[in-house]
Amino acid sequence: MIRLEKIQCGYGPKIVLDGITLEIKKGEFVGIIGPNGSGKTTVLRAITRLIKPVRGKIFLDDRDIYSLNHQEIAQQIAVVSQNLPVITMTVKE
């Protein structure tokens, strides 16, 4: 289960999400729809810890997502982006 409680987050001084509460239960399929700039990607970035909320809490199976290490999160959450960034690195790296 993923639960967001009164999330407020954004980029720099610009707040994109304010007071968002959401619960997604295990086994549910959820679509997030809305116009460009409405915060769809920001919600996903907050859930995956790419951005940290200014206020509010995010829980994964009733545990604060910031109390989990990267491996614990990776075992539960995966995101496939439409636009993959170009990363320049060697195989060894």
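For the pair M1/D18, report the inter-label distance in nm, with labels modelled 7 Å from Cα in the Cβ direction.
2.9 nm
Return the ratio Rg/(2.2 N^0.38 Å) for the range 15-91, where Rg is computed over Cα atoms only.
Rounded to two decimals, the normalised Rg is 1.23.
Leaving out ligands, DNA and RNA, and with a 1.4 Å probe, what % of the accessible surface on the chain is carbon or sulfur?
The C+S portion of the solvent-accessible surface of the chain is 55 percent.
Determine the dipole magnitude for the chain: charges of +1 sit on the beta-carbon of Lys and Arg, -1 on that of Asp and Glu, nothing else is charged, the reference point is the Cα centre, and the result goes in debye to the nearest 20.
200 debye
Counting only heavy atoms of the protein chains, get the accessible area per residue of the chain (1.4 Å probe) and round it to a whole Å² value.
Using a 1.4 Å probe on heavy atoms only, each residue of the chain averages 79 Å².
How about K6: which lysines have a C-alpha closer than 20 Å to its C-alpha, ignoring those fewer than 8 places off in the same chain?
Once the sequence-local lysines are set aside, what remains near K6 is K14, K25, K40, K52, K57.
Can you pull the Rg over Rh of the range 3-60, Cα-only, Kirkwood?
That ratio is 0.95, to two decimals.
The values are calculated or read from the model by the stated rules, or taken from the named source; none is laboratory data. Just so it is clear, the model here is predicted, and its values are computed rather than measured. Glycine gets a Cβ as well: all are built from the backbone with ideal geometry, and neighbour counts include every protein chain shown. What goes into the accessible areas is simple: the full protein's heavy atoms, side chains included, and nothing from ligands, DNA or RNA. Shrake-Rupley method; radii C 1.70, N 1.55, O 1.52, S 1.80 Å.
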